Amino acid sequence: MDSSQDLCCMHLLSSNEGRFIAFTDSSWTRYTEFASKWNVFPCKERDVAVEALDRLSLTMEGINTCPRPMPSAELMPGYHRQCYNRFCDIQKVRRQEKAASKKEASREDVLHDWLIHPPIAGGLWQRNRVGYNWTQSTT
């Protein structure tokens with residue numbers, strides 16, 4: 001009787017009845033590739049990867065060079081097919097990258113406006129359709 005606990009390293013779905021699959025060399029390589037991509041974003045995928053790696057006594061630094069973890073008496077590292085598909089979805093990564101770049105561009109625009117038009121005491125920056133306007137306080 002096998003007493004090891006299945007560890008889905010990409011467990012993103014709360015209820016997953018699917019079959020559990022142990023890592024192969026190629027699935028481990030793909031997992032580490034996407035774990036590295038998700039690591040730069042504050043998101044659920046990153047948290048799931050970091051937690052799983054912690055349980056395997058691995059860290060995100062140098063993950064791409066780590067060998068595939070072997071099953072032990074305590075843990076069987078692997079994944080559910082649905083979790084794997086969601087974690088390794090390049091479209092989701094691209095959407096996250098696009099959102100992050102928009103957020104950074106917006107932050108740079110605000111900083112640029114502030115440097116060109118520094119705030120004056122008694123005023124307020126207000127966002128409009130085009131950007132930001134400085135308005136004097138009437139109080």
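The values are calculated or read from the model by the stated rules, or taken from the named source; none is laboratory data. Quick caveat, the model's predicted, so the values are computed rather than measured. Note that each Cβ is placed from the backbone with ideal geometry, even for glycine, and that neighbours are counted across all protein chains shown. Ligands, DNA and RNA are stripped out before the accessible areas are found, and what is left, the full protein with its side chains, is counted by its heavy atoms. Shrake-Rupley method; radii C 1.70, N 1.55, O 1.52, S 1.80 Å.
What strands (runs of 3 or more DSSP E) completely inside segment 1-81 contain at least 2 residues that are touching a strand residue (DSSP E or B) at 6+ places or on another chain (Cβ under 6 Å), touching a residue at least 24 places away in the same chain (Cβ under 8 Å) and open to solvent by less than 30 Å² (accessible area, probe 1.4 Å)? Walk me through it before giving the result.
Values: elements: 5-8, 20-22, 75-80.
Once the strands (runs of 3 or more DSSP E) in segment 1-81 are filtered for at least 2 residues that are touching a strand residue (DSSP E or B) at 6+ places or on another chain (Cβ under 6 Å), touching a residue at least 24 places away in the same chain (Cβ under 8 Å) and open to solvent by less than 30 Å² (accessible area, probe 1.4 Å), what remains is 5-8, 75-80.
Quick grid of which residues meet (1) within 15 Å of L12 (Cβ to Cβ); (2) at pLDDT 90 or above; (3) among the β-branched types (V, I, T):
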| residue | (1), (2), (3) |
| --- | --- |
| S26 | no, yes, no |
| E61 | no, no, no |
| Y79 | yes, yes, no |
| K103 | no, no, no |
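Do we find that E74 is within 27 Å of K103 (Cβ to Cβ) and either charged (D, E, K, R) or over 13 Å from the mean Cα position of the chain (by Cα) (or both) in this structure? Please lay out each step first, then the result.
On the way: within 27 Å of K103 (Cβ to Cβ): no; either charged (D, E, K, R) or over 13 Å from the mean Cα position of the chain (by Cα) (or both): yes.
Here the answer is no, as E74 does not meet what is asked.
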